[in-house]
1. Which ones in the stretch A:165-183 are among the hydrophobic types (A, V, I, L, M, F, W, C) and either under 13 Å from the mean Cα position of the chain (by Cα) or not in a loop (DSSP other than H, G, I, E, B) (or both)?
2. Identify, please: which residue in the stretch B:179-192 is assigned to a helix (DSSP H, G or I) and facing chain A (nearest Cβ under 9 Å) and is, among those, nearest to A:Ile80 (Cα to Cα)?
3. Under the condition of being under 15 Å from the mean Cα position of the chain (by Cα) and not in a loop (DSSP other than H, G, I, E, B), which residue from the stretch A:44-60 is farthest from A:Tyr174 (Cα to Cα)?
4. Which of (1) without any contact (Cβ under 8 Å) to a residue 40 or more places away in the chain; (2) among the hydrophobic types (A, V, I, L, M, F, W, C); (3) away from every other protein chain (no Cβ under 13 Å) does A:Phe62 not meet, given it meets every other one?
5. Only one of (1) surrounded by fewer than 19 Cβ atoms within 10 Å (Cβ to Cβ); (2) without any contact (Cβ under 8 Å) to a residue 12 or more places away in the chain is not met by A:Tyr104, so which one is it?
6. Identify all residues within the stretch B:144-168 that are touching a residue at least 40 places away in the same chain (Cβ under 8 Å) and either in contact with an Asp or Glu (Cβ under 8 Å, 6 or more places away or on another chain) or more than 11 Å from every other protein chain (Cβ to nearest Cβ) (or both); write none if there are none.
7. Tell me, yes or no, whether the stretch B:264-285 has at least one residue that is in contact (Cβ under 8 Å) with a residue 60 or more places away in the chain, within 14 Å of chain A (Cβ to nearest Cβ) and assigned to a loop (DSSP other than H, G, I, E, B).
8. Residue by residue through the stretch A:1-40, note down the ones that are among the small types (Gly, Ala, Ser), closer than 24 Å to A:Arg78 by Cα and within 18 Å of the chain's Cα centre (by Cα).
Amino acid sequence: MPLLETRALTAYYGDFQALYGIDSHLDEGETIAIIGANGAGKSTYLSALVGLRSVEREMIEFDGIALGGSKPAEILSRGIAMVPEGRRLFPSLSVEENLLVGNYGRKVRGPWNIEAIYRLFPILKERRNQQSTSLSGGQQQMVALGRALMANPRILLCDEISLGLAPSVIRDIYAALAEIRSEGASVVVVEQNINQALEVADRVYCMLEGRITLEGRPSGVSREQIRHAYFGQ
Amino acid sequence: MIWLDIIIQGILLGGLYALFATGLSLIFGIMRLVNLAHGDFMVVGAFAVLVGIEALGLNIVLAAVLAGVLMFCLGYALQYTILNRTLGKDILPPLLVTFGLSIILQNAMLETFTADTRRLKAGGFEEQSIQIGDLAIGAMPLLTLVSAIVVIQLLNWLFFHTETGRAFRATSDDPETAQLMGIDNARIFALAMALAMVVVAIAGLYMGARATFDPLIGPGRLIYAFEAVIIGGLGSLWGTLAGGVILGLAQTIGAQINPEWQILAGHVVFLIVLVLRPRGLFPRQTG
C-alpha cells in the first residue's frame, strides 16, 4: 500500500481549476519529483496535500486514512510537512525561532531536533540569533528545510527549493536532502530544474495544465518524452 | 517647579493613554484588525467592574479580576465566532463589523445602565497622593503608569520568550505559512483578542477610577488610543507607551498654555507626527 495516494485529485487556485483528476502515489522511503512549466499546477498539488486547498476527503489518502480537506495542523501532525516555494521565513523571528516554530505545540519523536538541524547545517548555529531575512538565499533555504524537519515528518514536500540559488548552493541543499532521506523520510520534490529532479528522484511525474502527462522512472523516460510531456508538443 | 509638575502629570496621563492603546496595538500588530469598538469595550470593562462592586459587593481589585476573566472569555468568543470571519485581504469587513459592534454595545449599555455618568470607587485610594517636596503625585495616576509598564513588559515577555509568543509573531508575519507549521490561526487570533480584552478591562478600570464614564464615551477614548498607537509606531508596544506619554504631555502642556487647548494640543502633535513620521516614532523593524 502506498504511503500517500491521490485519487482523481481536483483543486482550484482561486476561481481557476488548477488540477484535473490527479492520480499519484508515493511509497515509503521513496522520492518522487513533480516537474512541469510555470502554471502546470505543481504548487497547487502540494498545497492540496497540506490542506491549503479545499479538496474532497477521499481524494487524498495517507497511510490508509482519508485526509483530503483536513486542516493543515492535522495533516502536519500526521506527518506531512512542506518547505514552501520562496522559503517564506518569518521575518520578525530569528533563525532559531524560525526553526523552533516548525515544532509548534508538539513534541514528536524522531531524528530531527534543533541540535540535529545544526549538525546538518552548521552555519545556522553560528547565525541562530540573526534575523532570518539577513541570511543569504542558500542559508534561508536551509532554515526553511530545517523548519520543516523540526516536525519530524514522514513525508517532506519541497516546493522549488533550488529556485534562485547558485549551482554550488543547490548541490549543498540536495546533499542535505540525501541525508534527510537516509533518516527515513519520503520526499516529494517539485522542480522546474529537470536535471536536478531526474537526478534525485526514484520516480518522476510531469504535469501540464493541471494533468499528469508522464510518469516513470528517470532511467525509463527519454528526453523526447519529457519534452513532449512538459510542453505538450 | 510648575513646569516640572506639568511634565510629571503629562507622563502619568500618558500611562492611561498607553493602557487605552495597548490592546488596540496588540490586535492590529497580530491580525491587522482595526477594532472600532475598542473604546466601547473599555466602557464595557468599566461597567463590568462597576457591577462587581455594586451588585456583587466585591472590592475593586476582586471586581477587576472578575471583569478581566469575563473580558478574556468575551474576547475569545467574539474573535472565534465573528471577527475571524471578517479577516482577509479586504480591510473593510472588520471595520464595518466592529463599527456595528460599537453601536450595538453603546445602545445595549444605555438600555442596561442608563445615560447617567458613573465612577468607580477605589476606597479612597483615588484621593491619595505622594508628596515629594512641593510636588504632589497622585497615587492613582502613578499606579496607572506602573500598570501600563507592567502590562507591556508582560506582553513583551509573552511575545519574545514563549512558544505562544512565537506563534503570535509568526502568524502576524505570514498567516498561511504559520498554518503549515501547525498553528491554528483561528485559535491564535482568538487568544490574541482575549489577551487584548484583559488589557482593555485594565484600561476600563483606570478610566472609570480616574474620571467619570457613561455608555457613550467609548469613541472619544478610541481617538486617544489611535493617536497613541500611531505616534508610537504600529506594532511596537513600547512605542505605544511612548506614544501615550507624548500625547499626555502634549495635552497637559497645551492645557497649561490655555485650558481650551488641552485636547487640541494632543491632536496637533498627532498630526505633526503623522506628517513627519507617517510610520510613527518607533515602528517595528522587520526584514
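1. Taking the stretch A:165-183 first, the residues among the hydrophobic types (A, V, I, L, M, F, W, C) are A:165-166, A:169-170, A:173, A:175-178, A:180.
A:Val169, A:Ile170, A:Ile173, A:Ala175, A:Ala176, A:Leu177, A:Ala178, A:Ile180 - these are the residues of the stretch A:165-183 that are among the hydrophobic types (A, V, I, L, M, F, W, C) and either under 13 Å from the mean Cα position of the chain (by Cα) or not in a loop (DSSP other than H, G, I, E, B) (or both).
2. Step one: filter the stretch B:179-192 for residues assigned to a helix (DSSP H, G or I), giving B:179-180, B:185-192.
Next cut, facing chain A (nearest Cβ under 9 Å) only: B:179-180.
Working: B:Gln179: 13, B:Leu180: 10 Å.
The extreme case among them is B:Leu180.
3. Initially, the stretch A:44-60 is screened for residues under 15 Å from the mean Cα position of the chain (by Cα), giving A:44-52.
Right, trim to not in a loop (DSSP other than H, G, I, E, B) and you get A:44-49.
On the way: A:Thr44: 23, A:Tyr45: 22, A:Leu46: 19, A:Ser47: 22, A:Ala48: 24, A:Leu49: 22 Å.
Restricting to residues being under 15 Å from the mean Cα position of the chain (by Cα) and not in a loop (DSSP other than H, G, I, E, B), the top hit is A:Ala48.
4. Single failed check for A:Phe62: (1).
5. All conditions pass for A:Tyr104, except number (1).
6. B:Thr144, B:Leu145, B:Val146, B:Ser147, B:Ala148, B:Ile149, B:Val151, B:Ile152, B:Leu155, B:Asn156
7. At the first step, the residues of the stretch B:264-285 found to be in contact (Cβ under 8 Å) with a residue 60 or more places away in the chain are B:284.
Retained after the next criterion (residues that are within 14 Å of chain A (Cβ to nearest Cβ)): B:284.
Going one step further and asking which of them are assigned to a loop (DSSP other than H, G, I, E, B), we end up with B:284.
Taking every residue of the stretch B:264-285 in turn, at least one turns out to be in contact (Cβ under 8 Å) with a residue 60 or more places away in the chain, within 14 Å of chain A (Cβ to nearest Cβ) and assigned to a loop (DSSP other than H, G, I, E, B).
8. Within the stretch A:1-40, A:Ala11, A:Ser24, A:Gly29, A:Ala33 qualify.
The values are calculated or read from the model by the stated rules, or taken from the named source; none is laboratory data. Remember, predicted model here, so these are calculated numbers, not experimental data. For neighbour counting, all protein chains shown are included, and Cβ atoms are generated from backbone atoms with ideal geometry for every residue, glycine included.
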